[in-house]
Amino acid sequence: MSTFVTKGPVAETQYDLFMLTVWVTLGIFIAVGGAFAFAIIKFRERPNDDRPMPSQGHGNPLVEIGLIGASILLLVIIAVPTLQGIWYTHDTPEDPESFMGAWYSGEELAEEEAENPLIIKVIGYQWWWAFEYPQLGITTANEMVIPAGKVVHLELRSFDVIHSFWLPRIAGKVDLIPGRTNSMWIQAGDNFLRWKDKQGVAGPEEESPALRADYAAYLEEEIHNYYYGQCAEYCGDSHARMHFRATVVDNEEFAEWVIDERTGHGTPDGNTWDEWYADYADNPDSLTGDLNEGLKLFMGRAKCATCHVVKGNPRALGVAGPNLTNVGSRMSIAAGWLNHRIEEDGSIDLKKQYDNFYKWIKETDVVKPGNRMWKAGGGGIGELIDENGDPALLTEDEIHKLSLYLQSLK
Ligand code: CUA
């Protein structure tokens, strides 16, 4: 999560501005500190010091005007690039290479969207993130997926209190404020033109296939990655646990991911959902195996479907909590707080993933204090009751089956 390792034009602009300010203020520090140190050393009182008092000067117009002039000059040196930077990072650029029509090959895109960049609606909740892709009709949570080298326009909103979107290596920060929409743009890595400029390439070879291949290699080696983000505005009990991720991929992987998200999930046995729900209503005991048991809990006693969407499942439509489509493919759960990604190869540690699901369901109040899944005003899993009204938390076996079912959503 370093702001010094920049990947893309927005973070780079912010970094350059930061460094400019550092150099200017370092100069001031040395000039003022140097004069101060000089005076202290030269005019300090020594033993048996009989030197006369140094001449006491007041109101030297030349010095005063000079200092005012220098201050103004330094402020202007900082202010001009700051304003440029603010405008640059605020206005989503019209980059033809980033128009969705230029790189996205999926069928779902409406024609009028072809000349827009990818738009993601970011919605902050206490304490997790929803990422909606309105042009593609998909929604995911806590782990956004974006294509490398493309401008992505973000619309930032909050469901409850003020949060702040911060993806240090790529861009940040912009607040998510209840009742209004903020916007920003991000770009993981340079587009072809900017990359080419940095390489110092101009002239007739500028569109050669070899150069394009070099550019693709640059994206592959330096940009495709898994980036860490974090809510950067105090937003309540579990603010420090409100992380998110951005997976940066190439165009093909992005299109495949979109298809996966749109397709969603079938039933554990491969029957249709109508058949599954008919059995669930008439003869639930015929639905056997850990995954069916987990799904029955998901739809029934644990009440997961009240708050969570699982694409494909026609009755898992709750929108109060994170969308769980392909949650088994995510590298973390609980808004990035419980991780199961293996750093070396970027794959999922299945044992860890199971443990994380288990831990989250068992003690979500401990993992993320104050969260609504635990206490939702009479509906959270920490408030489950039996038919006599007595507390009836999920048993270990039930949590085991739910964990297996969630893990299977991939
Ligand atoms: Cu959301 Cu801090």
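The values are calculated or read from the model by the stated rules, or taken from the named source; none is laboratory data. Quantities reported herein were computed from a predicted structural model and do not represent experimental measurements. Counting neighbours? That spans all protein chains shown, and the Cβs are built from the backbone with ideal geometry, glycine included. Areas reflect the complete protein model, heavy atoms only, side chains present, ligands, DNA and RNA absent. Shrake-Rupley method; radii C 1.70, N 1.55, O 1.52, S 1.80 Å.
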Report summary line: In terms of the charge dipole of the chain, which places +1 on Lys and Arg and -1 on Asp and Glu at the beta carbon, the residue among Leu402, Ile385, Val63 farthest towards the positive end is Val63
Query - Rough spin-label spacing in nm, given labels placed 7 Å along Cα→Cβ, for Ala70 and Ile41 - result: 1.8 nm
Query raised in the report: Going by average Cβ neighbours within 10 Å, how do the peptides 383-396, 342-355 rank, with the highest at the top?
Result: 342-355, 383-396
**Report entry** Proximal lysines relative to Lys198, as straight alpha-carbon distance under 16 Å, when same-chain residues fewer than 8 apart are discounted
**Finding:** Lys7
Report summary line: Env charge @ Arg301, Cβ radius under 13 Å, K,R +1 / D,E -1, value -3
Query raised in the report: Rounded to a whole number, what % of the accessible area of the range 173-254 do carbon and sulfur atoms account for, probe 1.4 Å?
Result: 49 percent
Query raised in the report: In terms of modelled amide H atoms, which long-range or inter-chain residues lie less than 5 Å from the amide H of Asn116?
Result: Met100, Gly101
Requested in this report: Averaging sequence separations of C-alpha pairs under 8 Å and six or more residues apart, then dividing by the length of the chain, give the relative contact order as a whole percent.
Outcome: 14 percent
Report task. Can you send over the carbon and sulfur percentage of the accessible area for the range 45-99, probe radius 1.4 Å, protein chains only? Result -> 68 percent
Report task. Find how much the distance from Asp237 to Lys410 grows on full extension, using 0.36 nm per residue of separation minus their present alpha carbon separation; answer in nm with one decimal. Result -> 59.2 nm
Query raised in the report: How compact and how long is the range 63-103, expressed as Rg and Dmax of its alpha-carbon atoms in Å?
Result: 18.7, 61
Report summary line: Residues of the range 300-317 with backbone N under 19 Å of the label point set 7 Å from the Cα of Thr395 along Cα→Cβ are 300-304
Query - 30 Å Cα-Cα reach of Lys351 towards lysines, excluding residues that sit fewer than 8 places from it in its own chain - result: Lys296, Lys303, Lys311, Lys359, Lys362, Lys368, Lys375, Lys401, Lys410
Query raised in the report: What list of ³J(HN,Hα) couplings, whole Hz, do you get for the range 45-62 from phi and the Karplus terms 6.51, -1.76, 1.60, once you set θ to phi - 60° and write x for glycine and proline?
Result: 7, 9, x, 6, 6, 10, 5, x, 4, x, 5, 9, x, 10, x, 7, x, 5
Query - Virtual spin-label span in nm between Arg180 and Ala79, 7 Å along Cα→Cβ - result: 2.3 nm
**Report entry** Semi-axis lengths, Å, the range 94-253, gyration tensor of Cα atoms, sqrt of 5 times eigenvalues
**Finding:** 31, 17, 13
Query raised in the report: Please identify the chymotrypsin sites (Phe, Trp or Tyr not before Pro) of the range 126-184 that satisfy two criteria: DSSP loop assignment and at most 15 other Cβ atoms within 10 Å. Which are they?
Result: Phe159
Report summary line: Carbon/sulfur accessible area of the range 263-371, % of total, 1.4 Å probe, equals 53 percent
Query raised in the report: Considering only protein heavy atoms, what per residue accessible area in square angstrom results for the range 1-79 with a 1.4 angstrom probe?
Result: 79 Å²
Report summary line: In Å, the C-alpha Rg and Dmax of the chain are 28.2, 107
Query raised in the report: Starting at 0 and stepping by 5 Å, how many percent of the alpha carbon pairs of the range 197-275 end up in each bin?
Result: 3, 10, 11, 11, 11, 12, 13, 10, 8, 5, 3, 2, 0
Query - Magnitude of the charge dipole, the range 264-326, Cβ model with Lys/Arg +1 and Asp/Glu -1, debye to 20 - result: 420 debye
Query raised in the report: Tell me, what HN-Hα J-couplings in whole Hz come from the Karplus equation 6.51 cos²θ - 1.76 cosθ + 1.60 at θ = phi - 60° for each residue of the range 63-70, using x for Gly and Pro?
Result: 5, 5, 5, x, 5, 4, x, 5
Report summary line: Rounded to two decimals, the Debye log10 I(q)/I(0) of the range 253-410 (Cα scatterers, no solvent) at q = 0.11, 0.21 Å⁻¹ is -0.44, -1.57
Requested in this report: Let me know the volume per residue of the alpha-carbon convex hull for the range 87-134, in Å³.
Outcome: 100 Å³
Query - Helix axis angle, 209-218 relative to the chain longest principal axis, alpha carbon, degrees - result: 90 degrees
Report summary line: Expressed as a percent, the portion of alpha-carbon pairs in the range 291-366 spaced more than 20 Å apart is 34 percent
Report task. At 0.36 nm per residue, minus the direct Cα-Cα distance, what do Ala278 and Asp355 gain on full extension? Give it in nm, one decimal, please. Result -> 24.5 nm
Requested in this report: Counting only C-alpha contacts under 8 Å and six or more residues apart, can you give the relative contact order of the range 1-150 as a whole percent?
Outcome: 15 percent
Report summary line: Phi-derived 3J(HN,Hα) across the range 364-372 with the Karplus relation (6.51, -1.76, 1.60, θ = phi - 60°), rounded Hz, x for Gly and Pro, is 4, 6, 7, 5, 9, x, x, 6, 6
Requested in this report: Calculate the dipole size of the range 179-245 relative to its Cα centre from +1 charges on Lys and Arg beta carbons and -1 charges on Asp and Glu beta carbons; express the result in debye to the nearest 20.
Outcome: 380 debye
Query raised in the report: Between Ser2 and Glu207, what is the FRET efficiency for a Förster distance of 45 Å, r being their Cβ-Cβ separation, to the nearest 0.05?
Result: 0.85
Query raised in the report: What does the charge dipole of the chain about its Cα centre add up to, to the nearest 20 debye, if the Cβ of each Lys and Arg holds +1 and the Cβ of each Asp and Glu holds -1?
Result: 1900 debye
**Report entry** Convex hull volume per residue in cubic angstrom - Cα atoms of the range 16-147
**Finding:** 213 Å³
**Report entry** Accessible surface, the range 322-395, averaged per residue in Å² (probe 1.4 Å)
**Finding:** 49 Å²
Report task. Calculate, for the range 241-309, the solvent-accessible area per residue in square angstrom, rolling a 1.4 angstrom probe over the heavy atoms of the protein chains. Result -> 46 Å²
Query - Net charge of neighbours whose Cβ lies under 10 Å from the Cβ of Val151, counting Lys and Arg as +1 and Asp and Glu as -1 - result: -2
Report summary line: Simple spin-label estimate for Glu344/Glu221, 7 Å along Cα→Cβ, in nm, reads 2.3 nm
Query - Highest-fluctuation residue, Val63, Val327, Val367 considered, GNM on the chain with Cα pairs under 10 Å - result: Val63
Query - Residues in the range 310-349 reached by a label modelled at Arg262 [backbone nitrogen below 17 Å; 7 Å Cα→Cβ] - result: 311-313, 325-326
